[in-house]
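The values are calculated or read from the model by the stated rules, or taken from the named source; none is laboratory data. Remember, it's a predicted structure, so these values are computed and weren't measured experimentally. Positions of Cβ are generated from backbone atoms using ideal geometry, with glycine treated the same way; all protein chains shown enter the neighbour counts. Each accessible area value is taken on the protein alone, full model and side chains, heavy atoms only, with ligands, DNA and RNA left out. Shrake-Rupley method; radii C 1.70, N 1.55, O 1.52, S 1.80 Å.
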Amino acid sequence: MPDASADPFATPRVAVVGAGLTGLLAARRLQQAGVRTVVLEAADRVGGNIRTRLLDGANGHAIDVGAEAMHLAAPQVGALIDELGLRESMVTARRGTSWLATPRGLRPLPQGVGPAGPTRLRPVLSSGILGPVGLARAALEPVLAGRAIGPVGGPRIGADEDIAVGRFVRSRFGAQVVDRIVDPLLGSLHAGDVDALGLRACAPSLVPAATSGGSLVVGSRRGPHPTPGKAGTSGAAAASPAQPVMSFVSWPAGMTTIVDRLRDDPVAPADVLVGTRVVSLSRAGDSALSRYVLALAGGDTLAVDGVVLAVPARIAAELVRSLGQTATADSHADTLNETKAGGVADKLAGIQAATVATVVLGFPRAAVADVPLLRDNGLLVASKVGSLLKAATFLSSKWPHLSGFDTFWIRMSAGRAASTAVAVRDDDLLVDHLRRDLRVFTGLDAAPRAVHVERWPATMPQLTVGHVERLTRMRDELAAWPGVALAGASYDGIGLASCITSADVAARLVSGSVGAAASR
């Protein structure tokens, strides 16, 4: 570990807690700003929710069992890829059909439909997804837009109000659009309940219509839209309706390519220490040269001038709580600090996260040859269908670098908020159940030659109604500790685009704070 006492009058030092994409990028930005940075990761690897495995039978190819791809609809994604010199080596997913499993059976995802719902009515009305009542109700959206019900009964939401995505879209298009389109797309993406997820956090592209009462389909191709991946939003849901069809990209070595490039950054290298758990964070004494002290598992300490907490909310909660328990010579100030830190910690602890699992199956190619659906990209399942399977991606059809081999790879996901269905099943039961679901939807009735189960406990943050306002208050209160910032999916959205923006914002805040302190 770097010597915390070496050259105490040198450039200020910052600790980034967490070595996922957000933490590694925040470290890069801090180093680029001239701030010495160390990244502390409790796990024995970097990457966080990005994880790539070399599976038996994969012909030497990597299979992503965490985040599967990045999409270029958000400009910050392409900018980072270019900055890291990874564009020439990236692989673009094939443009193929994605299917929705609905109470009316399998239907292709219509054009002009994003995670937060339709931006074009005609493809939805002709898709066969909606029944007669649903068709009639959805067609009324342009007429009823100004009468949609807000959280307090008015036609629109106020500047400081939020509403559940499901409730808002239902007020515009009716229940069938929510249950058969928004739920399998946005609900699957977040592993959440669309009637709990907040519009401002999870579908910010709908906010202008929600606040103005304007139609989502009439004139949706003109007018301003939020920037995809804006801090405080979910990047996957933030793409403007005017954006072209998203291009999903990865690399032959998998998504780990981007975190490996950040970790081994030759331009702005930071020290990255894996297997290093931070157990508490405290304010340094009044006479100390640094502002904060991190206590590490094993007894070591590290003195720093700033801290980026790029960790899930439940972990950040305990570190913020410990920050408020630092004793100084002013007992009154100590009480105020402890109360304020406790309030922030309680809000952080209140951000729940769903447990999910990824199951990857490899089948002999001959076994899938007569299954037409597997020639497409994948399927998404509405929660009301009653399936444990939430989504399936036909990797060997979707990704050119995984096609043409004797093994055909399918990736399945399961797990939703407030459900214990994944946690209570062991690996064998989980795989058996998902295979049965897959057989129902696709007709595939073959034994896999390779199986891999990856569990993600309490991984998918649930950004519920009011999240953005609560986050703003948390950050305002956390300003009592200059140079401490929150960054990552628990705060600014689960999309990788949002994580990129979150890292940029946190690094600017912390570098500015420690720079100002150093100049005094």
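What is the chain's relative contact order, in percent, from Cα pairs under 8 angstrom and six or more apart in sequence?
Numbers: 1133 pairs, mean separation 121.6, N = 520.
Reported as a whole number, the value is 23 percent.
Taking amide H positions as placed 1.01 Å from N in the peptide plane, with prolines and chain starts having none, which residues 5 or more places from residue 193, or on another chain, fall under 5 Å of its amide H?
Answer set, sorted by chain and number: 417.
If you compute P(r) over Cα pairs in 20 Å bins from 0, in percent for the structure shown, which of [x] 20, 51, 24, 5, 0; [y] 23, 56, 20, 1; [z] 22, 53, 23, 2 do you land on?
[z]
May I ask you to give the solvent-accessible area per residue for the chain, in square angstrom, as obtained with a 1.4 angstrom probe?
On the way: 20850 Å² over 520 residues.
I get 40 Å² per residue for the chain.
Return the calculated 222 nm mean residue ellipticity for the chain, to the nearest 500 deg cm²/dmol, obtained by summing -39500 (n - 2.57) across DSSP H runs with n ≥ 4 and dividing by the residue count. Please list the in-between numbers first.
Numbers: 17 runs with 159 residues, N = 520.
So the helix-based figure for the chain works out to -9000 deg cm²/dmol.
Determine, for each peptide in 86-92, 132-138, 500-506, the mean count of other beta carbons within 10 angstrom over its residues, then list the peptides with the highest first. Provide the component values of the computation, followed by the final result.
On the way: 86-92: 13.4, 132-138: 15.9, 500-506: 26.7.
Listed from highest to lowest mean packing, they are 500-506, 132-138, 86-92.
With a 1.4 Å probe and all protein chains in place, put 424, 279, 14 in order of accessible area, largest first.
On the way: 424 105, 279 65, 14 0 Å².
Output order, biggest surface exposure first: 424, 279, 14.
Report in % the part of the accessible area of segment 44-195 that belongs to carbon and sulfur, leaving out ligands and nucleic acids; probe 1.4 Å. Spell out each step's value before the answer.
Values: 3300 of 6280 Å².
Ligands and nucleic acids excluded, carbon and sulfur give 53 percent.
Step through the residues of segment 21-34 one at a time and calculate ³J(HN,Hα) from phi using the Karplus curve (6.51 cos²θ - 1.76 cosθ + 1.60, θ = phi - 60°), rounding each to whole Hz and writing x for Gly and Pro.
4, 4, x, 5, 6, 4, 4, 4, 5, 5, 4, 5, 7, x
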